[in-house]
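Let me begin by presenting the structure, written as structure tokens, before commenting on it.
The values are calculated or read from the model by the stated rules, or taken from the named source; none is laboratory data. Everything quoted here is computed from the prediction, not taken from an experiment. Every residue, glycine as well, gets a Cβ built from its backbone with ideal geometry; the counts of neighbours run over all protein chains shown.
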Amino acid sequence: MNDEILLKWHTYRYFAYERDLARRELSALGISVHAETDKGIVVKRQSITRDKLSRLTYFSEIVGVNGIPIIPDQAQHESSVFFAVLGDDAGTRKQSKKQQTRYSAHGLHEYKGKFNPQIVRAIGNLLGVERGNFVIDPFCGSGTALVEASFLGWNALGLDVNPLAVLIANSKLLAVKTPPAQLLKITEKLQRRITRIVGLESKSSPSLREIEKVVGKGCLNLLPHVEYLRQWFPVAVLGQVAGALQAIDAIVPRKLRPIYYVLLSDVLRDVSWQNPDDLRIRRREDERSNYPAISLLLESMRSKIELVARTANVGITRTTRQTAVHGDSAVDLARIVESSSKKRVDFAITSPPYATALPYIDTQRLSLVLLNLVEPRNIMRTEQSLIGAREITARERVEWEKRLDENYDNIPRDLWRLCRRLLKAAGQNGNGFRRRNTPSLMYRYFTQMRHVFGNMSGLMRRGGKFALVVGQNATNLGGKDFLIDTPTHLCRVAEENNYRVIEDIRLDTYQRYGLHQKNAIKTEKLIILSRR
């Protein structure tokens, strides 16, 4: 037994794919498995190093090294959410009943459709990503891969068309790289300042005069696009928000302000007249004249900054650089990568948009407008600019249908034939305008992804690995169901752009989206490509 080490499972229930990935990690790291028990996996001591142990994703602790249990970095991150450390006794822990995905800065702001951070670490081990390697996420969203890169010592660059996503991603990175004592001190000082205006919540409908008496005369005029915002927020809430922004600007150093803007953004939907249970911007049925914006913000600051501080020294590498940039990977990728790095891309890890993506801009428009990231008149145009967007004008649809008809953009012929079948079915009676748009949207999506793979191929070193987590789509046209096997279709696009498929791993997951349950993605695939 002295030659063996036990890698213990967590006590929570795993999905089958997670244990499969755990075994794949061991193989990729060159760790020899001796046996598997209900408690975990027994490995040979000679095949493992402390560095390898720290990189493992799905184990709670390592038993058998000098008799002292080793807690992998990932387990320490997850334990920060649910484990209670009492005094100096670091061994006193409370086991979580489920996997934690919002540790450290990952929970700073909700963002629909993101993959969980454990997947990023596991993929990194499968691909063989080492400290100092250059990793790119061409669809970085709110920065899950970038934050994990900061823990794992990868240089990383992310792109996204959604300016709020870029702000969230960079704010998370800023939070994990700021000394925790400084972050906690600023937060405490800011909380004291903001608490002065919490009284605005106690009145059901305070007048503008009462609001200005607390926050300051003309406070609402300090908000951008205030007339638009007044259509979606009670005046009392706008007063609270204006007071919070004033406090942030007065208390927080300029460099760190984005962290607190993002925390404020995360509570906006819950204190607006937008229905928080709908991805589209639809109004509540029970509109109120006031909501507790300050109380929600105070609680958010307390809990989320504390989470960041708890794991500030676990795995973080300050000698590497991670950043998110606003840009379209189908158009701007080469320019942005070449301007930010002299090196070729070693690896890419991403969860790309689906053929009909979530309406990110519509869902987040209040934050985008309040933080002056998008003007109200440009909301729809910004939505349409997303790869996989569902929005398209009638004129654009006709133009894309013409391109589809002759395969002007030269997508793989089997995908072209699929789009033609969709076009034929969409022309039948009984299809509304959204269904009628499906063929042109699908063709546009594959065209855009063709450009992304082409750009990535030109930037990535030969033998570089590209991992994608993506699922299927389904649609009904003319009374007929069509399954859009997006993972397989993207493999075809990639193969025509100098990649070969190495692995195709099925991931049976949790319900991916909390909203619109009937359309939620339950099965996804991890596709691993290699640059030829």
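Kindly establish whether Thr475 is in contact with a strand residue (DSSP E or B) (Cβ under 8 Å, 6 or more places away or on another chain) and in a helix (DSSP H, G or I). No, not satisfied.
Within region 340-349, the presence of at least one residue that is touching a residue at least 40 places away in the same chain (Cβ under 8 Å), acidic (Asp, Glu) and not in a loop (DSSP other than H, G, I, E, B) is confirmed.
Yes/no matrix, rows are residues, columns are (1) crowded, with 21+ Cβ neighbours inside 10 Å; (2) of a type outside the set (A, V, I, L, M); (3) in the same structural domain as Val337 (by TED's automatic domain parsing); (4) out of contact with any helix residue (DSSP H, G or I) (no Cβ under 8 Å at 6 or more places or on another chain):
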{"residue": "Val374", "(1), (2), (3), (4)": "yes, no, yes, no"}
{"residue": "Ile387", "(1), (2), (3), (4)": "yes, no, yes, no"}
{"residue": "Glu396", "(1), (2), (3), (4)": "no, yes, yes, no"}
{"residue": "Trp400", "(1), (2), (3), (4)": "yes, yes, yes, no"}
{"residue": "Arg413", "(1), (2), (3), (4)": "no, yes, yes, yes"}
{"residue": "Arg435", "(1), (2), (3), (4)": "no, yes, yes, no"}
{"residue": "Thr438", "(1), (2), (3), (4)": "yes, yes, yes, no"}
{"residue": "Gly454", "(1), (2), (3), (4)": "no, yes, yes, yes"}
{"residue": "Met460", "(1), (2), (3), (4)": "yes, no, yes, yes"}
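In region 490-507, of all residues being touching a Lys or Arg at 6+ places or on another chain (Cβ under 9 Å) and among the basic types (Lys, Arg), the one that is modelled with the lowest pLDDT corresponds to Arg506. Just to be sure, is Arg93 loosely packed, with under 14 Cβ neighbours inside 10 Å and at pLDDT below 90? Against the criterion (loosely packed, with under 14 Cβ neighbours inside 10 Å and at pLDDT below 90), Arg93 does not qualify. All conditions in (1) surrounded by 21 or more Cβ atoms within 10 Å (Cβ to Cβ); (2) under 30 Å from Thr523 (Cβ atoms) hold for Ile5, with the sole exception of (2). Just to be sure, is Tyr228 in contact with a helix residue (DSSP H, G or I) (Cβ under 9 Å, 6 or more places away or on another chain), of a type in the set (Phe, Trp, Tyr), touching a residue at least 60 places away in the same chain (Cβ under 8 Å) and within 17 Å of Ala105 (Cβ to Cβ)? Judged against the criteria, Tyr228 is not a match. Just to be sure, is Arg318 in the same structural domain as Glu148 (by TED's automatic domain parsing), out of contact with any Cys (no Cβ under 9 Å at 6 or more places or on another chain), basic (Lys, Arg) and crowded, with 16+ Cβ neighbours inside 10 Å? For Arg318, the condition - in the same structural domain as Glu148 (by TED's automatic domain parsing), out of contact with any Cys (no Cβ under 9 Å at 6 or more places or on another chain), basic (Lys, Arg) and crowded, with 16+ Cβ neighbours inside 10 Å - is not met.
Count of region 32-67 residues, restricted to those that are more than 21 Å from Gly153 (Cα to Cα) and either of a type outside the set (Ser, Thr, Tyr) or in a loop (DSSP other than H, G, I, E, B) (or both), is 22.
Applying a threshold of 6 Å to beta carbon distances and a minimum spacing of six or more residues, or different chains, the list of pairs starting in region 18-30 at a residue that is in contact (Cβ under 8 Å) with a residue 12 or more places away in the chain and outside the structural domain of Leu126 (by TED's automatic domain parsing) and ending at one that is part of a helix (DSSP H, G or I) and among the basic types (Lys, Arg) reads Leu29/Lys52. Checking Val176, Val166 one by one, the residue that is assigned to a helix (DSSP H, G or I) and in contact with a strand residue (DSSP E or B) (Cβ under 6 Å, 6 or more places away or on another chain) is Val166 and no other.
Which residues, counting only those in region 104-137, are assigned to a loop (DSSP other than H, G, I, E, B), surrounded by 22 or more Cβ atoms within 10 Å (Cβ to Cβ) and modelled with pLDDT of 95 or more? Of everything in region 104-137, those that are assigned to a loop (DSSP other than H, G, I, E, B), surrounded by 22 or more Cβ atoms within 10 Å (Cβ to Cβ) and modelled with pLDDT of 95 or more turn out to be Leu108, His109, Val129. Tell me, please, whether a residue that is over 22 Å from Arg461 (Cβ atoms) and either in contact with a Gly (Cβ under 8 Å, 6 or more places away or on another chain) or part of a helix (DSSP H, G or I) (or both) can be found in region 150-157. For region 150-157, residues over 22 Å from Arg461 (Cβ atoms) and either in contact with a Gly (Cβ under 8 Å, 6 or more places away or on another chain) or part of a helix (DSSP H, G or I) (or both): present.
Which ones in region 190-234 are in contact with a Ser or Thr (Cβ under 8 Å, 6 or more places away or on another chain), farther than 16 Å from Met301 by Cα and outside any loop (DSSP other than H, G, I, E, B)? The one that is in contact with a Ser or Thr (Cβ under 8 Å, 6 or more places away or on another chain), farther than 16 Å from Met301 by Cα and outside any loop (DSSP other than H, G, I, E, B): Glu201. In this structure, is Ala357 within 20 Å of Gln448 (Cβ to Cβ), out of contact with any strand residue (DSSP E or B) (no Cβ under 6 Å at 6 or more places or on another chain) and not acidic (Asp, Glu)? When the stated conditions are applied, Ala357 passes them.
Just one of (1) under 19 Å from the mean Cα position of the chain (by Cα); (2) outside any loop (DSSP other than H, G, I, E, B) fails for Gln246. It is (1).
In the set (1) surrounded by fewer than 18 Cβ atoms within 10 Å (Cβ to Cβ); (2) part of a helix (DSSP H, G or I); (3) not hydrophobic (A, V, I, L, M, F, W, C), Ser300 fails one condition alone, (1). Could you please let me know if Val369 is in contact with a strand residue (DSSP E or B) (Cβ under 8 Å, 6 or more places away or on another chain) and surrounded by 20 or more Cβ atoms within 10 Å (Cβ to Cβ)? When the stated conditions are applied, Val369 does not pass them. Restricting to region 337-358, and then to whatever is under 14 Å from the mean Cα position of the chain (by Cα) and of a type outside the set (Ser, Thr, Tyr), can you tell me which residue is farthest from Leu468 (Cα to Cα)? Residue satisfying both the conditions and the ranking: Leu358. Scan region 469-486 and give yes if some residue there is surrounded by 14 or more Cβ atoms within 10 Å (Cβ to Cβ), more than 25 Å from Arg421 (Cα to Cα), at pLDDT 90 or above and within 25 Å of the chain's Cα centre (by Cα), otherwise no. Yes, there is a match, as at least one residue in region 469-486 is surrounded by 14 or more Cβ atoms within 10 Å (Cβ to Cβ), more than 25 Å from Arg421 (Cα to Cα), at pLDDT 90 or above and within 25 Å of the chain's Cα centre (by Cα).
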